[in-house]
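None of the figures in this text is laboratory data; all of them are computed from the coordinates on show. Keep in mind it's a predicted model, so treat the numbers as computed, not measured. Note that we place each Cβ from the backbone using ideal geometry, even for glycine, and neighbour counts take in every protein chain shown.
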Amino acid sequence: METEGGATRKQGDFDIIGLPFHDRGKHYTLVAGAVNEDGEERLRSLRVTLVALGAGMVLIIALAGWIYAGRALRPIQKMIRDLQQISPSELTSRLETPRHLDEIGRLTTIINDLLTRIERAFETEKQFVSNVSHELKNPLTKITSQLEVTLLRPRPPEEYQKLLESLLEDTRDLNQLANSLLELARLSAVRNGQPMETVRLDEVLWDARDHVLKINEHFHVTVAPLQLPDEAIHLELPGHGHLLRLALQNIIENACKFSPDHTARIELNREPGAFVILVSDRGPGIPPEDLANILNPFFRSNATSQTKGHGIGLSLVSRIVALHGGTIRFEPRQPGTCVRISIPQRAF
């Protein structure tokens, strides 16, 4: 009997094999089939085990993710609760900084810094409103008192004339204060996107000088010979002409006001990439202890308390200079003070 290679197939639960063979010159095929009950049971058991393991792993992963997310979100939830306790009337509270400087720690530090800046802004606003109220109250109280005293009895024309002159002076003082406050408010609008224009700094300087002398005939302002290029384009820079003029007017007026002989000297020079304006006076100078506060709104030095003013001018000047990317510095001289303003000649 001779046999050759057979064939197998699956039919239902049966495993079938066909085996051909030769016997006495004839061809035969032997077909046999059987059910592997033990193997099938093992396969079913394996499938159930795999499904159970898969479901278990999914549950474990989901549970672990839920626990981890809860722990990860716990500091953020605490941060939210703490932030909800902070109100405009109580800005001194801060978030608790975690011991580990991870992303949550860095976020907490940034929020605390932001809260500190907000607190300072609120305090500055409160102080500003208080100072404005005080500055407005003084001249108004003076005007009211003068009118009440004058109306107590009839007076000769000379006294009425004197009263009107005094009232005019106080009204001008109030008008100057109002204009300064309006310019401070106007700066906010400029910072919010008002486009710059081409400004010739030497023309702005002369305009500021002429304006100061026009309203203060007893002032004397000299301008040093300008060491500048001949071509006009080299005297130009992007800026807000009216604001630069206002800043220079304040500086020149202050210099004349605090000089015993009401004189000031102006220099305009060019440094690499910048213009430098120097305004010198012959006054008493600025005490070193006042330099840190000299640019704060409404600050008045004890050395200048006898001179009229509201303490807004230098604050306005510093903001205008900063708006143009410049710097302002006070340099002591013998005698007096030199205000040094540097403004970069930036390209458009």
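Values computed for the structure shown
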read-out: Centroid-to-centroid separation of the stretch 238-273 and the stretch 63-79 [C-alpha atoms, Å]; value: 60 Å
read-out: Karplus-derived HN-Hα couplings along the stretch 320-326 (A = 6.51, B = -1.76, C = 1.60, θ = phi - 60°), whole Hz, x at Gly and Pro; value: 5, 5, 5, 4, 9, x, x
read-out: Charge dipole (the chain, unit charges on Cβ, about Cα centre) - positive-most of Gly25, Leu187, Ile67; value: Ile67
read-out: FRET efficiency for Thr124 and Leu151, using Cβ-Cβ distance with R0 set to 35 Å, rounded to 0.05; value: 0.30
read-out: Charge dipole (debye, nearest 20) of the stretch 103-191; +1 at Cβ of Lys and Arg, -1 at Cβ of Asp and Glu; value: 120 debye
read-out: For the chain, size of Cβ-based charge dipole, Lys and Arg +1, Asp and Glu -1, in debye; value: 560 debye
read-out: Highest average packing first - 338-344, 248-254, 33-39, Cβ atoms within 10 Å; value: 248-254, 338-344, 33-39
read-out: Helix-only CD estimate at 222 nm, as mean residue ellipticity for the chain, using -39500 (n - 2.57) per DSSP H run (n ≥ 4); value: -18000 deg cm²/dmol
read-out: Rounded tilt (10° steps) of 157-191 against the dominant C-alpha axis of the chain; value: 20 degrees
read-out: Sorted by Cβ density within 10 Å, fewest first, the residues Ser93, Ser259; value: Ser93, Ser259
